[in-house]
Amino acid sequence: MNTYEQKLSLLAEMIAFAIVDGKLHDREYQFLSIVAQELKVKSEDFKNLFHEELKALPIKSEQQRIQQFYRLALLMHCDGVLHEKEVIAIKQMGVNMGLNPFAIKRILKAMEESPNGMIDPEMLIEIFKEQLN
């Protein structure tokens, strides 16, 4: 991640996605908080993101777009409930990021079939690479 502003933009996008089902669950908030800590976002700035709207900044690197998509997918699974709105929203967000729709579908299916809702990072990258060929 390049700038603090980009980190805030990523978190704002994740917060918007977390409430697409109409509610921010405790586990979703905890997950967002962990991501904010990993990105070294100040606690006060993180809390302010829930009350202000930031303009989304485009993610230039494909690797960073894949990473953000996976963060969103983990967020979608962390409350233990898959809402139809979340599935529709994440697919659209992935396409808007310029990611391959077939790879998106495969990733989401693999995560759904996984006992813990996670997939191996190497598998994640491999699925997107396969779709490039």
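The values are calculated or read from the model by the stated rules, or taken from the named source; none is laboratory data. If you're wondering where the values come from, they're calculated on a predicted model, not measured in any experiment. Counting neighbours? That spans all protein chains shown, and the Cβs are built from the backbone with ideal geometry, glycine included. Only protein heavy atoms, including side chains, enter the accessible area calculation; ligands, DNA and RNA are left aside. Shrake-Rupley method; radii C 1.70, N 1.55, O 1.52, S 1.80 Å.
Where nothing but the Cβ of Lys and Arg (+1) and of Asp and Glu (-1) is charged, how large is the charge dipole of region 60-128 around its Cα centre, in debye to the nearest 20?
On the way: 8 positive and 9 negative charges, 63 e Å.
Roughly 300 debye, rounded to the nearest 20.
Take the solvent-accessible surface of the protein heavy atoms, probe 1.4 Å, and return the percent of it on region 1-86 that carbon and sulfur atoms account for. Walk me through the intermediate numbers first.
Numbers: 2520 of 5190 Å².
Here it works out to 49 percent.
Under the classification rounded if a/c is under 1.5, otherwise prolate if a/b is larger than b/c and oblate if not, where does region 89-133 fall, given a ≥ b ≥ c as square roots of the Cα gyration tensor eigenvalues? Kindly include the intermediate steps, with their values, before the conclusion.
Values: a/c = 2.31, a/b = 1.25, b/c = 1.84.
Oblate shape, in that a/c is at least 1.5 and b/c is the bigger or equal ratio.
For the chain, report the accessible area per residue in Å² (1.4 Å probe, heavy atoms, rounded to an integer).
On the way: 8250 Å² over 133 residues.
Averaged over the residues of the chain, the accessible area is 62 Å².
Within region 45-122, which chymotrypsin sites (Phe, Trp or Tyr not before Pro) sit in a loop by DSSP and count at most 14 neighbouring Cβ atoms inside 10 Å?
Values: sites: 46, 50, 69, 70, 102; in loops: 50.
Passing sites in region 45-122 are 50.
Take region 21-133, compute every pairwise Cα distance, and split them into 10 Å bins from 0; I just need the percent in each bin.
For region 21-133, the pair-distance distribution reads 12, 43, 36, 8, 0.
Under the rule that an exposed site lies in a DSSP loop and has at most 11 other Cβ atoms within 10 Å, name the longest stretch of the chain with no GluC sites (Glu not before Pro) of that kind, not counting the sites themselves. Write out the running numbers ahead of the final one.
Details: sites that count: 52, 53.
With a cap of 11 other Cβ atoms within 10 Å, the longest stretch comes to 54-133.
Considering only Cα-Cα distances, which of the following residue pairs are longer than 26 Å: 55/109; 47/129; 42/85; 7/91? Provide the component values of the computation, followed by the final result.
Working: 55/109 30 Å; 47/129 36 Å; 42/85 30 Å; 7/91 22 Å.
As for pairs spanning more than 26 Å Cα to Cα, those are 55/109; 47/129; 42/85.
Roughly how many Å² of residue 27 are accessible to a 1.4 Å probe, to the nearest 10?
Approximately 140 Å² for this residue.
If you place +1 on the Cβ of every Lys and Arg, -1 on the Cβ of every Asp and Glu, and leave all else neutral, what size is the dipole of the chain about its Cα centre, to the nearest 20 Debye?
On the way: 16 positive and 20 negative charges, 56 e Å.
It works out to roughly 260 debye.
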